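Peer 1: First the structure, then my questions, so here it is.
The values are calculated or read from the model by the stated rules, or taken from the named source; none is laboratory data. Quantities reported herein were computed from a predicted structural model and do not represent experimental measurements. Neighbour counts run over all protein chains shown; Cβ positions are idealised from the backbone, glycine included.
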Amino acid sequence: DRLEALRAARSARAALDAAPDPDAPVPRKEYVPEEMRAAPGEDELPRDAITMHHSFGFESVKRNNLHYLSEEVIIFTVGAMVQTVHLGTGEQTYLYGIDGEGVGFVVVHPEKTHFALGEKGVNPGVYIYETETLKLKRVLVGGTERAYSCGRFSNDGSKLATVGGYPDFWLTVWDWREEAIVLRSKAFSQEVFDVTFSPFFEGQLTTSGTGHIRFWKMAETFTGLKLQGDIGRFGNEDLSDVAGYAEMPDGKVLSGTESGRLLMWDGGLIRTVLLRPGGKPCHDGMIECVRLDDETGRVYTAGADGYVRVWDYKTLNDAEPGEDSAEAYVDALEEFLITRGAKKERLDNEKEEAETLEPASVKSLIMSEPDHWLVQDEKGGVVRVPLDANGAPETRNATRVLDFHAGAIVALEASPISDHVITAGEDGSVRVFAYAEKRELFAARFNAPATTMSCAPPAVDPERRVVVVGFGDGVARVLLRCADAWKLIDAVKPHNGAVTCAQYAPAHRAGSTPMLVTAGEDGKVWFFACEREKGTGLAPVGFVKAPGPVSALAWTDAGDAVLAGCASGHVFEFAAPAPGTVDATRTFEFEPSRFRAYAFKRPRASAASVLAEREGAPPTITQEMDPADVIEAKAARKRFDERAAELQEEMDEAEATTVYPVTHLAYDATGAFELCVGGEAKGKVFTCSLDAEKPLASRDAHAETVTSLKTRQGPSRALTVSGAANGAVRVERRGLEKHWHCEVHDGVRGAVTGVAVSRCEKFLITAAKDGSLFAQTLGAELRGLDERNEPQVSAQVSTVEPDPLPFLEADATPAAADIDSATTYSIEDAKVKVEEDAKRAAAEEEKMGVREFLAKLKAEYAALVLENDARPFAERLPASAFEVDPGLREVIEAETLADLERARESLAWHCEKSSLGLKKLRERFLDDVEQERAVLRSFATGRSGFATTSFRVVRPNERLEADLKALKEGGARRFGGDAGGPRRPGGGSSRAGSNASGSMRLSRSQNMRSAGDPNEPVLEEENPFAAGHKQELRRRKRLAREEEWRRFNATKPDEAYENPEDVAAIEVAKKTLGDYKLKSDENFVVAEEDSMNYGKKREQMLLLEASTRDARRDFNARFFAMRETRAAVVRETVAGAARVAEITAELGDADTPEGARALETVGEPFRTTPAADEYPTESRDEATEEALAAFDAARRAAAAEVACAG
């Protein structure tokens, strides 16, 4: 037994030693991002089937999107990932998001040991990575529902504050090391741009965003620690978005505005509005950055104007506003203009030099480095500004270390003969990238945003150097790619709105000229003939008017017809006109010789199937069923069919009004066409035919609208690439069962605008509206390679390198003049204007001929009169002798009077109608108005100006006048006499407690008992008198209280006994107090003076109406007297100003500075022209020429709008 006990003790000790220590720290969970991301579907390839090769994009318009991760390494968000770039070597690393819809913000820990990503998606998380290893260390969940917008670490790095986006806008403070929420509150109801912890006061934060700034405190309440936010109240200052702000050492906050004014906040109120001397704002445009250097006491501000201005903190803090406004004027210590800087690989040309000197638009400013500033340029770039030995920026030596598109990339085309890709952006730039070499070659920038782009086919440009680009100002430009720059070789303006599509015909008949078709938001589809080589010499042929804005175009392979799709859902095909076949004498619009329309009908489930899925299918009738069951089943089937018919009708009505905007059109090899639309049919690719009513086939491509699709890509013609509105990209290969699908771009604002496959079928290039441009490497499966990385099917890849392109100066193609002015007429408008100008010129010429003839006659007449006057009196002819036809004047006057009478008769009906209408309006709105509302404004204008108004007084009607007259004569008896006289006890109006009959009302329980059957036995549990029942217990308590009262009343003294003190007090009360009976007393009678009836109430109303009208009249009398005083002051001041001007002129001081200042001061001291609302009755019937012209213009515009609608 001892041996067994010893063995048991040893086993227990061993088990205890092997058990984990409960006091030991619990090891952290290891996070594996690949396991946390959504797994690919069964028919999808793994994510690494395509890998990132290089990123050429950057969200330059996103605030606080640039941070230093370590020395020379920056980090920012782009697309659906976070990217780091080494500024020295250009090396890039990529960190994909986990939640799948993009990254809302990235922020770096103050010690640069960690960085946090706030993502987008369904209940997204905040993921904190270690800087050195890029390993995921912490995951914070529950901070928002859909997306994070901004975040910031605390100054000591222990806390993290994040703000969510729509719909919750949660402000959350985290203990990120413990992955725990400390505090949470709703930040605001609109977008929040930034959140920061106070650098001076622990537990304080600040948030700012759309139309607000808010100051937060972590306050101790009786329920615990809470976030309490104090919203900034703008008061008289215009409401503004706030992006940049900085907290001062004393707790005040200095913030910028979108107007460029600086606001000093103190406790949620604006203490001072800071301006530069002369009233100029501190910046021109939005102030994006405000920084305080607490060591030097300097404040740095920067914004959209490109300037960084330096202010003295004490001057800003001590600035005192004026008495009448909160404005104060301060001057900057220094200012520096940040330019876009020179590129690392600078090209020597004038455009590059001009772009170098162009001011940047500062979106974010990093000033933490000792030897330079790093600027996030909203115009698309990252600028490095070196600092001199004194810490001042050397702006002349600024370098653009990274260059990108600013804003959305709207189009992308890959060269079929070289490793280059061409992009067009919303910033108006057209760029060329060498994706294999990971660099940008050159760019051209234009005055309008680019909207579409396509490459010229071999039939137009065998060298494949020409692209046609459409722009937002309606201009289509043809560009030729040279070795070092773009050359503009043609430009036309066919549209009044943005150009949405532009494509050359893929082929043309032998001997005929190539064709170019463009379409725009104005609904016009234009055709141009290319009369010169390389698709230039664009001669307009004509245009067709589409039923809506055109969103997609496709040529037939033969180049003889065009398929067009509209944002309104219309699809139609029409024949392309041959040059010279359109009669363009008056207009370029023509009717196509062949026109076919296609109405898209979405394949949808029947109402019966929808109802069956929603409520269940009706029972099936079988032979084994009972007759009763059969009848019930038939009834159920009938009810189901009726509901299905109603639902089908509703579905048909909804479908009739549904619009499916067209996003993609392309012919296939069979003559049918591919169609992608938005709306409820989004995400599918339909195969349709103009000869078929319904789509021939459909396939699923994306969950959202397909925005870009290209088939038969690569030398093998086997790849199909598509992009969607949620930033997803899909790659398919013919013969491969699986496809690749991934959210590459931002899921909220990263709609894919361009996809392409390289000529070697190795790279996939995609672009999106979020400004991201990615070159990715296709894996072996998608390239069709076997295990030895050799093509399974021979692909005809050209291994011959094309001839080197000529440089811009050496290229022989003639350049064309650009269309720079936004006011330039479109082709059709120019033609119409030319015709109008020709007609106007002909009319003017005819008028000039008549005028010249009349002038000649007048001159001859004047010469004859002078000659006649020069003769002796006896030889002079009388004046009547110069009249050619004495009766001509009478005839002309008679004809004129007759014309006037006819015009008066023709307009008599209209005049009478207008007069009657005016009379009715006066009767309805003006006749009963005694005094109208008038406005009286102060002499001061702007923010210090104010105004007061008079009262609108209405004339009393006849009944009211009669009632007032009767009131003065006979008092209240006129309105009802004594109808409500004193009430006496026992009468019908008495308020006695008992009823008239003296009957006693039964309680509810007694009524219930009396209503039942008296002979019905009562159950014991329902019997209220049973022992232990609640009513019985209450009855016993009541009896006990009554017994107690009886004992107490037994001690009551004799009724005849009266306390002497009470008797004395009653006597005093009888002598001094009135008889005030309660209204519930049986003997209560309403006193005559306290009674109220209709007559008295009507009298009160009349007196109140009269006193109100008298008060308004009295105020208006004083108001109009003040108006006359103001007018007299204006007249006197104007006369004095005129006298001062005369004296200045007499003294000859008008040209001196003092005289000029005096004249400017007295030029117009007060507004002398009264507004219409200041004298409403005096100016009502006045009609100025300007008012009549404005009325006529409005009437013509309304008539034109009605005509267009008809």
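Peer 1: Of everything in segment 589-611, what is in a helix (DSSP H, G or I) and surrounded by 14 or more Cβ atoms within 10 Å (Cβ to Cβ)? Give them in sequence order.
Peer 2: Ala607, Ala608, Val610, Leu611
Peer 1: Just to be sure, is Ser454 out of contact with any Cys (no Cβ under 6 Å at 6 or more places or on another chain), of a type in the set (Ser, Thr, Tyr) and not in a strand (DSSP E or B)?
Peer 2: No.
Peer 1: Here's another thing I want to ask about it. Can you name every residue in segment 909-946 that is modelled with pLDDT of 80 or more, within 21 Å of Thr1125 (Cβ to Cβ) and either over 44 Å from the mean Cα position of the chain (by Cα) or exposed (fewer than 11 other Cβ atoms within 10 Å of the Cβ) (or both)?
Peer 2: Gln931
Peer 1: Right, next: Checking the condition acidic (Asp, Glu) and closer than 21 Å to Met286 by Cα, which residue from Glu440, Glu358 passes?
Peer 2: Result of the check over Glu440, Glu358: Glu358.
Peer 1: Quick one: which residue in Glu836, Glu828 is surrounded by 10 or more Cβ atoms within 10 Å (Cβ to Cβ) and either at pLDDT 85 or above or of a type in the set (A, V, I, L, M) (or both)?
Peer 2: Glu828
Peer 1: Across segment 1089-1108, what is the total count of residues that are in contact (Cβ under 8 Å) with a residue 24 or more places away in the chain and in a loop (DSSP other than H, G, I, E, B)?
Peer 2: 3
Peer 1: Looking only at residues in segment 272-294 that are assigned to a strand (DSSP E or B) and within 17 Å of Asp312 (Cβ to Cβ), which one is farthest from the chain's Cα centre (by Cα)?
Peer 2: Within segment 272-294, the match that is farthest from the chain's Cα centre (by Cα) is Asp293.
Peer 1: Quick one: in segment 190-229, of everything that is of a type in the set (Asp, Glu) and either exposed (fewer than 14 other Cβ atoms within 10 Å of the Cβ) or over 18 Å from Leu292 (Cβ atoms) (or both), which residue is farthest from the chain's Cα centre (by Cα)?
Peer 2: Among them, the one singled out is Glu220.
Peer 1: Taking the options Lys493, Lys487, name whichever one is charged (D, E, K, R) and more than 24 Å from Glu589 (Cα to Cα).
Peer 2: Answer to the selection: Lys487.
Peer 1: Could you look through segment 876-902, keep only residues that are surrounded by 10 or more Cβ atoms within 10 Å (Cβ to Cβ) and β-branched (Val, Ile, Thr), and pick out the one that is nearest to Lys858 (Cα to Cα)?
Peer 2: Step by step, filter segment 876-902, then rank; the result is Ile892.
Peer 1: When you go through (1) at pLDDT 95 or above; (2) closer than 17 Å to Val195 by Cβ one by one for Gly229, which number turns out not to apply?
Peer 2: Exception for Gly229: condition (1).
Peer 1: With respect to Glu1142, determine if the residue is in the same structural domain as Arg955 (by TED's automatic domain parsing), modelled with pLDDT of 80 or more and touching a Lys or Arg at 6+ places or on another chain (Cβ under 8 Å).
Peer 2: Considered against the rule, which asks whether it is in the same structural domain as Arg955 (by TED's automatic domain parsing), modelled with pLDDT of 80 or more and touching a Lys or Arg at 6+ places or on another chain (Cβ under 8 Å), Glu1142 comes out as no.
Peer 1: Another question about this same structure. Would you call Phe873 free of Cβ contacts under 8 Å to residues at least 12 places away in the same chain, exposed (fewer than 10 other Cβ atoms within 10 Å of the Cβ) and among the aromatic types (Phe, Trp, Tyr)?
Peer 2: Yes: the conditions hold for Phe873.
Peer 1: Could you please tell me which pairs satisfy a Cβ distance under 6 Å, a separation of 6+ or placement on different chains, a first residue in segment 571-584 that is surrounded by 15 or more Cβ atoms within 10 Å (Cβ to Cβ), and a second residue that is of a type in the set (D, E, K, R) and not in a loop (DSSP other than H, G, I, E, B)?
Peer 2: That search, which allows pairs on different chains as well, returns Glu573/Arg596.
Peer 1: Is there any pair linking a residue in segment 1120-1149 that is surrounded by 12 or more Cβ atoms within 10 Å (Cβ to Cβ) to one that is β-branched (Val, Ile, Thr), with Cβ under 8 Å and at least six apart or on different chains, and which?
Peer 2: Listed by first residue and then by second, the contacts come to Val1130/Thr1168; Val1134/Thr1168; Gly1136/Val1162; Ala1137/Val1162; Val1140/Val1162; Ala1141/Val1162.
Peer 1: To continue, here is another question. Do we find that Met264 is touching a residue at least 60 places away in the same chain (Cβ under 8 Å) and crowded, with 17+ Cβ neighbours inside 10 Å in this structure?
Peer 2: no
Peer 1: Let me ask something else. Taking Ala552 as the residue in question, decide whether it is assigned to a strand (DSSP E or B) and exposed (fewer than 14 other Cβ atoms within 10 Å of the Cβ).
Peer 2: For Ala552, the condition - assigned to a strand (DSSP E or B) and exposed (fewer than 14 other Cβ atoms within 10 Å of the Cβ) - is not met.
Peer 1: Does Leu665 satisfy the criteria of being closer than 30 Å to His702 by Cβ and part of a strand (DSSP E or B)?
Peer 2: Yes, satisfied.
Peer 1: Continuing with this model, one more query. Within segment 156-179, which residues are hydrophobic (A, V, I, L, M, F, W, C), crowded, with 22+ Cβ neighbours inside 10 Å and part of a strand (DSSP E or B)?
Peer 2: Scanning segment 156-179 gives Leu160, Ala161, Val163, Leu171, Val173, Trp174.
Peer 1: Note down all Cβ pairs under 9 Å where the first residue falls in segment 1176-1200 and is acidic (Asp, Glu), the second is surrounded by 10 or more Cβ atoms within 10 Å (Cβ to Cβ), and they're at least six residues apart or on different chains.
Peer 2: Note: pairs meeting the criteria are Glu1178/Pro1170; Glu1182/Ala1172.
Peer 1: Okay, moving on. Which fully enclosed strands (runs of 3 or more DSSP E) of segment 691-755 have 3 or more residues being under 23 Å from Ala147 (Cα atoms)?
Peer 2: 740-743
Peer 1: Which condition breaks for Gly79 when tested against (1) modelled with pLDDT under 90; (2) on the phi > 0 side of the Ramachandran plot?
Peer 2: Result: Gly79 fails condition (1) only.
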